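Input: a single structure, listed below in structure tokens.
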Amino acid sequence: MRITRRQTLALAGAAPIAAPALVQAQARTISLWHVFNLETEAYMREGVRDWNAQNPNQRIEERIIPFAQYRTELVRAIATGDVPDLCVIDNPDTPSFAAQNQLTDLTQRVATSERIRASVYHTGPWSTAQWRGRTFAVPRDSNTIALYINHEMFRAAGLDPARPPGTWPDLFAAARRLTSADGRVSGLMFSARAAEDATFQWLPFLWQAGGDIDRLDGPEALDALRFWVECVTSGVSSRDVLTVSQSEGVNRLISGNAAMAISGPWDTPRVSQQARFEWSVAQLPVRGEGREIHASGLGGWNWAIPQGTRNADAAWRLIEHMSRPEHMAQSWRSGRLPPRTDVPVENPVYAQAFRAYSEQILTARPRGPHPRWPDISRPIQTAIQSALTGQAPPDVALRMAATAIRPILQQTPLRG
Amino acid sequence: MPSPARTRTRFTDSDALLPTLVAGALIFIIVFIGYPVAYNLAMSFQEVTLGNIRDFARPFVGLENYQALVADPLFWPVLRNTAIFVITNVVLQVLLGLGLAMFFLQDFPGAAWMRGMILAGWILPPLVIAAVFKWLFASNGGLINEALMGAGLTAQPVNFLSDTATAMATVTFTNVWFGTPFAMILLSAGLANLPRDVFEAAQIDGAGTLTRFTRITVPLLMPTLLAVTCLCTIYTLRAFDVIWGMTGGGPANTTNVLPVWSFQLSFQQFNFAQGAVIATMMFALVILVALLYIRSIRSELRA
Amino acid sequence: MRARVAGRWALTAVGAAITALYLFPIYWMYASSLKSPAELFRSPPTLFPSAIDLAAYTWIFTRENVLRYLANSFLLAGTTTFVTLALAIPCAYAMSRLRSRWVDGALLGVMLAQVLPPALMVTPIFIMFRQLGLTNSYEGVILALVTKSLPFAIVVLRPAFLLVPQELEEAARVDGCTRLGALFRVILPAARTAIVVCAILVFLMTYGEYVYAASLLSRIAMQPATVGLYAFIGAEISDWNNIMAFASAFVTPVIILFILMQRLIVQGMTAGAIK
């Protein structure tokens with residue numbers, strides 16, 4: 001049977017002879033599961049290395065799981081009771097696990113922590129870690145999406161890259177001029193594939209139009225979807241938006257086959273190394289024509305301690321270690337933004353991109369939080385794809401999505 | 001003409017050995033496959049959440065999950081997609097496989113080599129196959145569209161994977177590419193095993209190529225043909241990786257088939273019970289196919 | 001005579017064309033692995049890399065230790081093939097000789113055993129293996145892989161054994177062989193083609209297997225190449241150059257093995273034809 005800390009201490013008091021055995025029991029490992037496998041993820045590697053250097057008696061046992069497998073493996077861990085001590089969870093998924101009591105309640109620990117306090121975190125990321133007023137996770141990093149633009153193509157089309165399009169009509173007009181007649185260059189690339197990418201990329205447009213997920217059958221949502229439909233039917237965006245990921249859209253920017261691409265800071269290191277042209281990151285354009293709402297999507301990863309681990313204390317200390325502002329200052333080198341307000345990032349690499357994304361993230365909104373986020377996201381993806389392929393007119397597609405989502409929101413309203 | 005098989009063998013004393021040999025492998029299968037099947041079956045009748053997935057005794061809800069699944073607007077489209085995908089794949093893979101097998105059976109320089117090389121397509125990880133074909137079929141920058149437009153066959157690129165009308169055909173094409181070597185090699189082995197003397201006798205008797213094919217080859221090859229068809233059906237029914245990598249079930253669920261939907265339900269939407277219902281339904285479907293196979297082998301021919 | 005020779009070479013040409021067309025995607029994989037990242041997604045696509053970029057190959061051999069992954073792949077595939085055949089041959093043989101309702105039922109069961117997609121099978125298998133202490137062990141993975149290929153092998157070998165005449169066997173028995181002896185001495189050689197083909201297919205199936213290996217082996221040192229491939233699929237980005245290079249390294253040894261073994265396979269196939 002498992003020995004709790006109290007029992008261990010009691011035994012220690014009662015039997016001094018057991019002292020050597022005690023030392024053995026303390027020298028444990030902390031099992032940590034995460035997805036950061038690529039070479040660019042120095043941020044995670046350094047955090048692990050620093051901890052191991054300072055805590056040789058409680059080393060981290062890392063398990064790196066590819067993103068495609070990650071959620072499945074977490075589910076499997078829960079199903080077998082074999083959970084890690086600490087793991088990362090994508091922020092829209094956190095409520096799903098929290099609402100089912102699969103994450104340790106951290107409210108008390110946060111209350112007594114010096115380093116981790118609600119006031120120090122940006123509201124967006126912090127809200128994804130809450131459920132029904134209690135804290136179940138701690139934000140690790142944040143990201144959002146903005147517009148990469150190719151300066152050379154702008155100039156060649158007679159546009160000024162220092163003044164990127166600020167409204168949807170401007171964006172469309174610019175994209176029109178940037179699209180080549182033979183289809184080799186798309187004016188604007190985004191992702192509308194049958195995955196979370198589509199929802200993540202379209203929600204900013206929905207919000208900027210003044211709509212929201214609980215009003216998908218409203219005029220704002222229609223406005224937002226019509227914009228995307230127009231981009232595709234007019235040819236300024238390739239039909240391949242229906243199959244490419246956000247990153248693959250940026251690949252086309254890099255190879256010179258797209259003038260603008262919507263994506264996040266995770267692509268910045270790559271663009272910086274591989275693009276053979278001058279580029280910058282611009283804010284997502286607002287709706288214009290009376291609506292000036294700035295909005296973007298909020299992505300990122302949270303730390304969470306699964307329910308059922310015996311090492312929660314050590315895991316919590318590890319979270320605190322990873323949440324040191326001086327450590328978080330390193331996250332930008334891996335293309336990740338800190339979720340805290342007190343992180344000093346001096347002389348960031350890719351400085352312009354850093355400024356642009358830091359500004360964009362101030363208006364980034366989280367998805368939900370809602371414990372059935374995937375059930376909400378899928379009808380939205382289907383509606384987007386349906387409208388973009390012409391299978392159904394946008395209003396019909398959105399109405400179907402609204403019908404699918406309504407009962408879910410009735411059961412649990414958006415934002416818990 | 002070969003005579004039909006006897007349906008009973010004569011049993012001698014040492015024939016306790018045979019059932020034992022069968023039993024050995026079967027017990028292995030029952031234990032290691034029976035448990036997962038039972039697990040899924042049980043889940044399909046329960047209410048399963050992240051909260052109780054660890055337990056075995058979950059609330060019993062009877063046929064509720066089945067009803068909910070059938071009432072889902074995706075149910076009939078997915079079923080239809082699956083039927084189209086499976087039938088087209090099996091027909092094409094078996095026919096192409098047979099054609100290629102017969103072609104490469106002929107005696108010309110390099111025949112065996114080439115047949116072996118074609119099998120290389122089967123080795124590629126599905127992730128890579130999905131990626132490569134996705135690139136080849138891209139609307140802008142895809143090699144196939146370049147070739148079609150360059151040859152003047154189309155003026156505009158064909159939106160292979162981004163059009164609800166063509167997406168299914170495209171993933172089917174890719175899966176046929178992926179699966180045909182398998183059918184080909186099995187049929188090659190079967191063809192190589194056929195007794196030559198019967199063919200020679202027929203040739204001497206003046207039978208033409210087509211007659212030889214339909215009256216001799218096909219009947220003799222029947223056991224292998226049936227096995228290949230049945231296996232092809234089962235493998236295509238559960239084929240997940242290629243479709244997942246190319247379209248994720250889209251656009252707009254036009255390439256969504258049972259295994260893809262089951263994965264989405266279980267591991268994306270945390271609806272494990274309905275995912276298990278689909279698994280059970282797939283099982284039931286295959287029982288039909290397998291029963292047909294068993295019935296057909298009753299009339300198997302023996303050498 | 002001349003026409004016949006010309007006819008044969010014409011067939012070779014047709015065969016070569018078919019093979020080349022069929023293998024084009026594999027060529028595309030190799031070519032992609034040698035392109036620079038920017039060129040990989042360029043439109044119009046280039047048939048040949050404009051400049052050979054070996055960065056991806058350097059990476060996978062030095063930083064990712066692709067050789068260790070390949071060694072694991074070969075180990076798992078080889079052992080699984082051996083165990084599968086050892087179990088499948090007796091079973092298929094027995095099923096080919098024994099005809100009864102029970103055997104039909106067993107065959108039905110064998111067919112059904114293959115229905116469920118591995119993605120759905122893995123969770124219960126994982127649970128079972130954890131109880132048995134088989135996770136993170138080669139034995140456990142091999143066991144799981146055998147469950148996957150055993151039904152296939154049985155279904156494929158059975159018709160092959162059917163084609164071996166009973167008379168051959170009975171002749172051997174008359175000469176004093178036991179049934180098992182007859183199996184080894186007479187039946188197996190007669191069904192050699194099918195067994196070789198079955199072995200090749202099981203090997204390839206296992207070599208390319210991903211799901212079981214990924215779930216049952218969490219220690220990187222033990223993982224086969226199919227899992228290693230995913231080391232390049234990040235949370236938001238996929239490193240396609242490295243993926244293609246890795247996949248090329250993954251496929252090439254098997255293709256080479258094939259070419260070397262062609263003689264064996266060809267012999268097996270043509271031997272069966274001479275009866």
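Each reported figure results from applying straightforward, stated rules to the coordinates on display, with no laboratory input. Quick caveat: nothing in here was measured; it's all calculated off a predicted structure. No Cβ is skipped: glycine too gets one built from the backbone with ideal geometry, and neighbour counts run over all protein chains shown.
Given H placed on each backbone N at 1.01 Å, which residues far from residue A:260 in sequence or on other chains put an amide H within less than 5 Å of it?
Long-range HN contacts for residue A:260: A:188, A:189.
For the residue pair residue B:76 and residue C:14, what label-to-label distance in nm results when each label sits 7 Å from Cα along the Cα-to-beta-carbon direction?
Here the modelled spin labels are 4.6 nm apart.
If a/c stays under 1.5 just call it rounded; otherwise compare a/b with b/c (prolate if a/b is bigger, oblate if not). Do that for segment A:270-323, with a ≥ b ≥ c from the square roots of the Cα gyration tensor eigenvalues.
Numbers: a/c = 4.66, a/b = 1.87, b/c = 2.49.
The shape class here is oblate.
Helix A:42-54 sits at what angle to the longest principal axis of chain A, using alpha carbons and giving 0 to 90 degrees rounded to 10?
10 degrees
Run the helix sum for chain A: -39,500 (n - 2.57) per DSSP H stretch of 4+ residues, divided by residue count, reported at 222 nm to the nearest 500 deg cm²/dmol. Walk me through the intermediate numbers first.
Details: 18 runs with 184 residues, N = 416.
Theoretical 222 nm ellipticity from helices: -13000 deg cm²/dmol.
Can you pull the one-decimal nm distance between simple spin-label points at residue B:31 and residue A:50, each 7 Å off the Cα toward Cβ?
Between residue B:31 and residue A:50, the simple spin-label model gives 5.0 nm.
For segment B:12-124, what does the alpha-carbon gyration tensor say about shape, rounded, prolate or oblate, given a ≥ b ≥ c as the root eigenvalues, a/c under 1.5 as rounded, and a/b over b/c as prolate?
Numbers: a/c = 2.93, a/b = 1.47, b/c = 1.99.
Oblate.
Of the peptides C:11-24, A:308-321, how do they stack up when ordered by the mean number of other Cβ atoms within 10 Å, highest first?
Working: C:11-24: 15.1, A:308-321: 18.0.
Peptide ranking by packing, descending: A:308-321, C:11-24.
Between residue C:68 and residue B:47, what FRET efficiency follows from the Cβ-Cβ distance if R0 is 56 Å, with the result rounded to 0.05? Don't jump to the answer; show the numbers that get you there.
Numbers: r = 44 Å, r/R0 = 0.79.
Efficiency, from the Cβ-Cβ distance: 0.80.
Would you mind giving the three semi-axes, in whole Å and largest first, of the ellipsoid equivalent to segment C:1-53 according to its Cα gyration tensor?
Numbers: eigenvalues 261, 16, 14 Å².
Those come to 36, 9, 8 Å.
Going by average Cβ neighbours within 10 Å, how do the peptides B:243-253, B:48-58 rank, with the highest at the top?
B:243-253, B:48-58
I need to check one value: relative contact order of segment B:79-297, counting alpha carbon pairs closer than 8 Å and at least 6 residues apart, in percent. It would help to have the intermediate numbers written out before the result.
Details: 229 pairs, mean separation 59.1, N = 219.
It rounds to 27 percent for segment B:79-297.
Quote the convex hull volume per residue of segment A:169-307, based on C-alpha atoms, as a whole number of Å³.
On the way: hull volume 19.2 nm³, N = 139.
Normalising the Cα hull of segment A:169-307 by residue number yields 138 Å³.
Can you say what percent of the DSSP beta bridges in the protein assembly as shown, counting only those with both residues inside, are antiparallel? Round to 5. Before the final figure, lay out the partial values.
On the way: 26 of 39 bridges.
Antiparallel: roughly 65 percent of the beta bridges in the protein assembly as shown.
Could you tell me the ratio Rg/Rh of segment A:295-336? Both radii from Cα atoms, Rh via Kirkwood. It would help to have the intermediate numbers written out before the result.
Numbers: Rg = 13.3 Å, Rh = 12.3 Å.
Rounded to two decimals, Rg over Rh is 1.08.
Take peptide C:93-105, look around each residue's Cβ out to 10 angstrom, count Cβ atoms belonging to other protein chains, and average those counts. Spell out each step's value before the answer.
On the way: counts 3, 10, 5, 5, 6, 9, 8, 5, 1, 4, 4, 6, 2.
Per residue, the average neighbour count from other chains is 5.
Applying the Karplus parametrisation 6.51 cos²θ - 1.76 cosθ + 1.60 with θ = phi - 60° to the phi angles of segment C:200-209, what ³J(HN,Hα) value in whole Hz is obtained for each residue in order, glycine and proline being reported as x?
4, 5, 4, 4, 5, 4, 6, 4, x, 7
Given a cut-off of under 8 Å on Cα pairs at least six residues apart, what relative contact order in percent is computed for segment C:1-53?
Values: 22 pairs, mean separation 14.9, N = 53.
So the answer I get is 28 percent.
Two decimals is fine: what is log10 I(q)/I(0) at q = 0.04, 0.10 Å⁻¹ for the protein assembly as shown, from a Debye sum with one equal scatterer on every Cα and no solvent?
With one equal scatterer per Cα and no solvent, log10 I(q)/I(0) is -0.21, -1.24.
When all alpha-carbon pairs of chain C are counted, what percent fall beyond 31 Å? Mind showing how you got there, number by number?
Values: 16661 of 37675 pairs.
Roughly 44 percent, rounded to a whole number.
Apply the Kirkwood formula to chain B: the hydrodynamic radius equals the inverse of the mean of 1/r over all pairs of different alpha-carbon atoms; give it in Å with one decimal.
Numbers: mean 1/r = 0.0443 Å⁻¹.
So the Kirkwood estimate lands at 22.6 Å.
Pop the C-beta distance of residue C:178 and residue C:82 into the FRET formula with R0 = 35 Å and round what comes out to the nearest 0.05. If you can, show how the numbers build up before the last one.
Numbers: r = 24 Å, r/R0 = 0.67.
Computed FRET efficiency for residue C:178 and residue C:82: 0.90.
Could you identify which residue out of B:146, B:47, B:200 has the top mean-square fluctuation in a GNM of chain B using Cα springs shorter than 10 Å?
Result: B:200 has the largest fluctuation of those listed.
Among A:57, A:257, A:91, which one shows the highest mean-square fluctuation when chain A is modelled as a Gaussian network with alpha-carbon springs under 10 Å?
Sorting by GNM fluctuation, first place goes to A:57.
Can you give the extra length, in nm with one decimal, that the chain gains between residue A:176 and residue A:214 once fully stretched, where that is 0.36 nm per residue apart less the Cα-Cα distance?
Numbers: separation 38, 0.36 × 38 = 13.68 nm, distance 3.23 nm.
Full extension from residue A:176 to residue A:214 adds 10.4 nm.
Jot down the per residue volume, in cubic angstrom and as a whole number, of the convex hull over the alpha-carbon atoms of segment B:118-272. Could you put the intermediate results ahead of the total?
Values: hull volume 24.3 nm³, N = 155.
In segment B:118-272, the Cα hull volume divided by residue count equals 157 Å³.
By the gyration tensor of its Cα atoms, with a ≥ b ≥ c the square roots of the eigenvalues, what is the shape of segment A:73-227: rounded for a/c under 1.5, prolate for a/b over b/c, or oblate? All intermediate terms of the calculation are to be shown ahead of the outcome.
Values: a/c = 2.37, a/b = 2.25, b/c = 1.05.
Prolate is the answer for segment A:73-227, as a/c is 1.5 or above and a/b outweighs b/c.
Measuring from label point to label point, each 7 Å out along Cα→Cβ, what is the residue A:320 to residue B:57 span in nm?
So the two model labels end up 4.1 nm from each other.
Using the Kyte-Doolittle scale, find the helices of chain B whose mean hydropathy is at least 0.5 and whose Cα atoms extend 30 Å or more along the helix's long axis, counting only whole DSSP H runs. Intermediate values should be presented prior to the final figure.
Details: long enough: B:17-44 (39 Å, 1.88); B:75-105 (44 Å, 1.73); B:167-192 (37 Å, 1.35); B:272-297 (37 Å, 2.04).
For chain B, where a helix must reach 30 Å along its axis and average at least 0.5, the hits are B:17-44, B:75-105, B:167-192, B:272-297.
Output the relative contact order of segment C:63-273, whole-number percent, from Cα pairs under 8 angstrom with separation of 6+ residues. Show your work: numbers first, answer last.
Working: 186 pairs, mean separation 69.8, N = 211.
Rounded, it is 33 percent for segment C:63-273.
Between 0 and 90 degrees, rounded to the nearest ten: what's the tilt of helix A:168-178 against the longest Cα principal axis of chain A?
For A:168-178 against chain A, the angle is about 70 degrees.
What do you get for the angle between helix A:394-411 and the principal long axis of chain A? Use alpha-carbon atoms, 0 to 90 degrees, nearest ten.
The angle comes out near 20 degrees.
What fraction of the DSSP beta bridges in chain A is antiparallel, stated in percent and rounded to the nearest 5?
Details: 23 of 36 bridges.
Here the share of antiparallel DSSP bridges comes out near 65 percent.
Average partner chain C-beta neighbours within 10 Å, per residue of B:260-267? Mind dumping the intermediate values first?
Values: counts 3, 0, 4, 4, 3, 3, 5, 11.
Mean shielding by partner chains, rounded to a whole number: 4.
Once you average over the residues of C:173-180, how many Cβ atoms of partner chains fall within 10 Å of each Cβ? Mind dumping the intermediate values first?
Working: counts 2, 0, 0, 0, 0, 2, 6, 3.
Across the residues of C:173-180, the mean count of other-chain Cβ atoms within 10 Å is 2.
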